[in-house]
Amino acid sequence: MHTFDCLYIFFTLVNLEVVARLDARTKKQRPGMAFPPSGQAEGKGYQVVISDMSLGGASLEGDLPPGDRLILEFAHEGQRIRLWAEILRTGQGGTAVRFLHQSKEEVLHLWSVLREDLKGGVEDDCPYCGEALHQERECPHCGLSRDFDRDGYLLEHLRRTVGQRLRWRLERLNADRLLSLLTFVDGQLLGDLGRGEQDEEFVGTCDGMLEVFSLIRKVAPTDIPVLILGESGTGKELSAKAIHERSQRQSKPFVVINCAAIPETLLEAELFGYERGAFTGAYTARKGKVEQAHGGTLFLDEIGDLPIGLQAKLLRFLEDGTVERIGSRRPRRVDVRIIAATNCDLEDEVRKGRFRQDLFYRLNAFTIQLPPLRERGKDKVVLANYFLKRLCKENGTRRKRFSDEALLAIGSYRWPGNVREMINKIRKALVVSKEETITPEDLSLEAPTPKPSPQGIKALKEKVEREGLLRALETTGYNISRTARLLGVSRPTVYNLMKRYGIS
Ligand SMILES: Nc1ncnc2c1ncn2[C@@H]1O[C@H](COP(=O)(O)OP(=O)(O)O)[C@@H](O)[C@H]1O
Ligand SMILES: [Mg+2]
């Protein structure tokens, strides 16, 4: 929607009598006719004098048709102007009406009339606040401008006063309306904003993740290439984005290419681009991802899958900062920061001759290792609660919570698909769960049961006891009372068990 359309809609919605003070008023007296909304055709009009008119409304003197709505008509330069109006109040100075504008054109037409009136009166009082002025174009009292003739004056004026209009409107709402409005704004508008990728949170409280955050903060402001290692779904791409967003390059592109997802034959063109006619089908020249990332960051995902031939070409780029499009001999200088990621053991690939050692050393200047989710202790529960809240908000559904068994199951499951798997499981659970609480079954997780062991029964008991205690502590965020309740024992028992198993 065009800005003016937005403002127009807003203007008509918010345009209350009190707002008239934000709209320039002319004091010119005009003869006009007031018709009942249905009676205009039959000519049952009432003669009125229009005084004190603004875009928002006017004062009328004279008898008016019965009812609270009317059509006001007056002539201007041979044209008839008709406006729908609603009666606000009748007093000594006449009747105050507010205009119910029907279209943007109508607002603009009325403005052209008012502007003519206003232009003359540079000696007059401020048409907004009414304070005395001495030829100033901008009122020193209310700060509003009188440069009515300037191009775009009205739009500029509406823009400047929009906040004030809204505030006045809000001040008149009662507590109930205000609350429901706030809930709406929070849930719908801000919720939408929060959903945006930029606001994606990077959640982590365990030592492993705190270390990752610290490395990200350290390396982000530099231009050093970064190699991010970790299993699939552990947040490698999220880390790359976090580095980009904390770097000087944040306002420039963050370009992702997944080396495993693109067939080898197309990968070179994707990465380095091509000139027109470089191969059959190359009707126009195209920039590759490296050039697209100019000034910004290029994220090479699954770098272990980069074919050996392209490894040489990438190495050349890393060494001299230039790329050659396919079919071109002209090297182009490109300024890009490289972040690569992989879930395979690159050193092993090097040993097996599948990955160039010199490229490995180039990329490996700074390494960040993301721990698998199963090694993140209480973060499993922290993350699960975070995603549950986020997904409920995204779906616009009521808040749900995990049952204690579900939290235990989340804490003991091994999460081979890591965070991505967790998001998917919770998303599915939200669909299938009927109740307010989400059970292990909703998550397709089993409540944990101990496996038989060749050790003696005492050792087995202790092992189970220790694991159960740890899991309960992680689940409750090391809250002793809740842990005790969860395990069905007293608080002193929890303390004793912690002491026995050396948990602090
Ligand atoms: N610590 C975290 N906090 C919040 N969201 C996370 C976290 N780690 C991963 N995610 C989310 O999990 C999904 C998978 O992460 P991604 O970065 O694509 O993993 P990878 O690149 O390692 O496969 C993404 O939706 C990402 O936003
Ligand atoms: Mg990924």
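Determine if region 194-205 includes at least one residue that is modelled with pLDDT of 95 or more, of a type in the set (Lys, Arg) and within 13 Å of ligand 1 (Cβ to nearest atom). The answer is no, given that none of the residues of region 194-205 is modelled with pLDDT of 95 or more, of a type in the set (Lys, Arg) and within 13 Å of ligand 1 (Cβ to nearest atom). Of all the criteria given as (1) away from ligand 1 (no atom under 16 Å from the Cβ); (2) farther than 15 Å from ARG374 by Cβ; (3) at pLDDT 90 or above; (4) out of contact with any Phe, Trp or Tyr (no Cβ under 6 Å at 6 or more places or on another chain), the one not satisfied by LYS428 is (1). Residues in region 241-266 that are out of contact with any strand residue (DSSP E or B) (no Cβ under 8 Å at 6 or more places or on another chain) and surrounded by 18 or more Cβ atoms within 10 Å (Cβ to Cβ): ALA242 alone.
Listed residues ARG401, ARG329, ARG374; which is among the basic types (Lys, Arg), over 25 Å from ALA472 (Cα atoms) and away from ligand 2 (no atom under 16 Å from the Cβ)?
ARG329
Out of the residues in region 214-240 that are over 22 Å from the mean Cα position of the chain (by Cα) and within 10 Å of ligand 1 (Cβ to nearest atom), which is surrounded by the fewest Cβ atoms within 10 Å (Cβ to Cβ)? Across region 214-240, the extreme among qualifying residues is SER232.
Each residue in region 387-416 was checked for being touching a Lys or Arg at 6+ places or on another chain (Cβ under 7 Å), surrounded by 18 or more Cβ atoms within 10 Å (Cβ to Cβ) and of a type outside the set (A, V, I, L, M), and 3 of them qualify. In this structure, is GLY353 more than 25 Å from THR222 (Cα to Cα), surrounded by fewer than 18 Cβ atoms within 10 Å (Cβ to Cβ) and either more than 16 Å from ligand 1 (Cβ to nearest atom) or at pLDDT 95 or above (or both)? Yes: the conditions hold for GLY353.
In this structure, ARG316 does not qualify as out of contact with any Gly (no Cβ under 6 Å at 6 or more places or on another chain), touching a residue at least 24 places away in the same chain (Cβ under 8 Å) and not assigned by TED's automatic domain parsing to the domain that holds ARG414.
Being under 22 Å from LEU346 (Cα atoms) and free of Cβ contacts under 8 Å to residues at least 24 places away in the same chain is the filter; apply it to region 242-281 and report the residue that is farthest from ligand 1 (Cβ to nearest atom). That would be PRO263. Checking each residue in region 207-234 for being within 16 Å of ligand 2 (Cβ to nearest atom), part of a loop (DSSP other than H, G, I, E, B) and touching a Lys or Arg at 6+ places or on another chain (Cβ under 9 Å) picks out GLY230, SER232, GLY233, THR234. Here the helices (runs of 4 or more DSSP H) wholly within region 345-442 that include at least 2 residues being under 29 Å from LEU300 (Cα atoms) and among the hydrophobic types (A, V, I, L, M, F, W, C) are 346-351, 357-363, 379-395, 418-432.
Answer yes or no as to whether GLU291 is of a type in the set (Asp, Glu) and modelled with pLDDT under 95. No, not satisfied. Taking the listed residues ASP335, ASP301, the one that is in contact with a His (Cβ under 9 Å, 6 or more places away or on another chain) and closer than 26 Å to SER247 by Cβ is ASP335, with no other qualifying. Of a type outside the set (Phe, Trp, Tyr) and farther than 27 Å from ARG89 by Cβ: is that true of SER112 in this structure? For SER112, the condition - of a type outside the set (Phe, Trp, Tyr) and farther than 27 Å from ARG89 by Cβ - is met.
The values are calculated or read from the model by the stated rules, or taken from the named source; none is laboratory data. Just so we're clear, the structure is a prediction, and the values are computed from it rather than from any experiment. So basically every Cβ, Gly included, is an ideal-geometry build from the backbone, and we count neighbours across all protein chains shown.
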